[in-house]
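Data block below; observations after.
The values are calculated or read from the model by the stated rules, or taken from the named source; none is laboratory data. Owing to the predicted nature of the structure, the values given are computational and were not obtained by experimental measurement. In this analysis, Cβ positions are derived from the backbone assuming ideal geometry, glycine residues included, and neighbour counts consider all displayed protein chains. All accessible areas refer to the heavy atoms of the entire protein, side chains included, with ligands and DNA or RNA removed. Shrake-Rupley method; radii C 1.70, N 1.55, O 1.52, S 1.80 Å.
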Amino acid sequence: KMLHRISRQISKVVKSSDEAVQGITSGSKLMIGGFGLCGVPENLLRAAHKLGLKNLHLITNTSGTDNYGPGVLIRDKMVSKLQLSYLGGNLELERQYLNGEVEIDLVP
(Lines give C-alpha, C1' and ligand atoms only; values in the text may rest on other atoms or scores of the structure.)
Protein backbone atom coordinates (compact mmCIF):
# COMPACT_ATOMS: atom_id res chain seq x y z
CA LYS A 1 0.00 0.00 0.00
CA MET A 2 1.15 3.41 -0.76
CA LEU A 3 0.45 6.14 1.76
CA HIS A 4 -0.51 9.49 0.41
CA ARG A 5 0.38 12.57 2.31
CA ILE A 6 -2.10 15.36 2.39
CA SER A 7 -0.39 18.69 2.65
CA ARG A 8 -2.49 21.46 4.10
CA GLN A 9 -0.90 24.80 4.09
CA ILE A 10 -2.49 27.68 5.86
CA SER A 11 -1.31 31.09 4.85
CA LYS A 12 -0.42 33.36 7.75
CA VAL A 13 0.02 36.35 5.47
CA VAL A 14 -2.50 39.11 6.14
CA LYS A 15 -3.16 42.41 4.44
CA SER A 16 -2.99 44.67 7.48
CA SER A 17 -2.08 44.92 11.14
CA ASP A 18 -5.79 45.23 11.92
CA GLU A 19 -6.45 41.88 10.27
CA ALA A 20 -3.50 40.28 12.07
CA VAL A 21 -4.86 41.07 15.55
CA GLN A 22 -8.48 40.00 14.97
CA GLY A 23 -8.02 36.80 16.99
CA ILE A 24 -6.91 38.63 20.13
CA THR A 25 -9.60 38.89 22.79
CA SER A 26 -9.84 40.44 26.24
CA GLY A 27 -7.94 38.31 28.73
CA SER A 28 -5.35 37.17 26.16
CA LYS A 29 -1.65 36.74 26.86
CA LEU A 30 0.58 38.62 24.44
CA MET A 31 4.30 37.96 24.12
CA ILE A 32 5.93 41.05 22.64
CA GLY A 33 9.36 40.97 21.03
CA GLY A 34 11.93 43.68 20.80
CA PHE A 35 14.40 45.27 23.18
CA GLY A 36 13.50 48.59 24.70
CA LEU A 37 11.68 50.36 21.90
CA CYS A 38 13.78 48.72 19.16
CA GLY A 39 12.09 45.94 17.22
CA VAL A 40 8.78 46.32 19.06
CA PRO A 41 5.80 45.48 16.80
CA GLU A 42 4.43 49.03 17.06
CA ASN A 43 1.84 48.67 14.28
CA LEU A 44 0.44 45.47 15.80
CA LEU A 45 0.26 47.04 19.26
CA ARG A 46 -1.63 50.04 17.89
CA ALA A 47 -3.99 47.75 15.99
CA ALA A 48 -4.63 45.75 19.18
CA HIS A 49 -5.21 49.04 21.01
CA LYS A 50 -8.00 49.92 18.57
CA LEU A 51 -9.86 46.74 19.59
CA GLY A 52 -10.48 48.18 23.07
CA LEU A 53 -9.36 45.01 24.84
CA LYS A 54 -9.18 44.62 28.61
CA ASN A 55 -7.41 42.40 31.14
CA LEU A 56 -4.41 41.65 28.91
CA HIS A 57 -1.38 39.81 30.27
CA LEU A 58 1.82 41.04 28.60
CA ILE A 59 5.11 39.17 28.49
CA THR A 60 7.79 41.55 27.27
CA ASN A 61 11.27 42.87 27.87
CA THR A 62 10.18 46.38 28.81
CA SER A 63 7.01 48.40 29.32
CA GLY A 64 7.84 51.02 26.70
CA THR A 65 6.89 54.62 27.39
CA ASP A 66 3.50 56.21 27.93
CA ASN A 67 3.10 56.60 24.15
CA TYR A 68 5.21 53.87 22.51
CA GLY A 69 5.51 50.12 22.60
CA PRO A 70 3.41 48.25 25.17
CA GLY A 71 2.89 51.61 26.90
CA VAL A 72 -0.06 52.44 24.64
CA LEU A 73 -1.96 49.46 26.09
CA ILE A 74 -0.83 50.22 29.64
CA ARG A 75 -1.75 53.90 29.36
CA ASP A 76 -5.38 53.09 28.60
CA LYS A 77 -5.67 50.44 31.33
CA MET A 78 -5.95 47.50 28.97
CA VAL A 79 -3.30 45.51 30.86
CA SER A 80 -3.87 43.72 34.16
CA LYS A 81 -0.57 41.84 34.42
CA LEU A 82 2.97 42.25 33.10
CA GLN A 83 5.92 39.91 33.12
CA LEU A 84 8.99 41.90 32.18
CA SER A 85 12.67 42.32 32.88
CA TYR A 86 12.92 46.11 32.83
CA LEU A 87 10.38 48.66 34.04
CA GLY A 88 11.93 51.55 32.17
CA GLY A 89 10.60 55.07 32.34
CA ASN A 90 6.90 54.36 31.97
CA LEU A 91 5.42 56.76 34.51
CA GLU A 92 1.85 55.56 33.93
CA LEU A 93 2.86 51.97 34.71
CA GLU A 94 4.52 53.19 37.91
CA ARG A 95 1.34 55.03 38.90
CA GLN A 96 -0.89 52.04 38.16
CA TYR A 97 1.39 49.67 40.07
CA LEU A 98 1.59 51.90 43.16
CA ASN A 99 -2.23 52.17 43.14
CA GLY A 100 -2.73 48.40 42.85
CA GLU A 101 -4.23 48.63 39.35
CA VAL A 102 -1.75 46.30 37.62
CA GLU A 103 0.26 43.26 38.69
CA ILE A 104 3.96 43.07 37.81
CA ASP A 105 6.23 40.03 37.78
CA LEU A 106 9.81 41.25 37.42
CA VAL A 107 11.91 38.61 35.66
CA PRO A 108 15.56 39.65 35.67
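If Lys and Arg each add +1 and Asp and Glu each add -1, what is the summed charge of the other residues whose beta carbon sits under 13 Å from the beta carbon of residue 65?
-3
Treating only the Cβ of Lys, Arg, Asp and Glu as charged (+1, +1, -1, -1), what charge dipole size does the stretch 1-96 show about its Cα centre? Round to the nearest 20 debye.
640 debye
Return the single residue from 24, 59, 74 with maximal mean-square fluctuation; model: Gaussian network over the chain, springs between Cα atoms under 10 Å.
24
Determine the gain in length on full extension of the stretch residue 8-residue 43; use 0.36 nm per residue of separation and subtract their C-alpha separation, reporting nm with one decimal.
This chain segment gains 9.7 nm when fully extended.
Between (i) 19.2, 64; (ii) 16.9, 68; (iii) 19.6, 56, which matches Rg and Dmax of the Cα atoms in Å calculated for the structure shown?
(ii)
Averaged per residue, what accessible area in Å² does the stretch 45-108 show with a 1.4 Å probe, protein chains only?
I get 50 Å² per residue for this part.
Carbon-plus-sulfur fraction of the accessible area of the chain, 1.4 Å probe, in percent?
The C+S portion of the solvent-accessible surface of the chain is 55 percent.
Over the chain, what is the percentage of antiparallel beta bridges among all DSSP beta bridges, to the nearest 5?
DSSP beta bridges in the chain are roughly 5 percent antiparallel.
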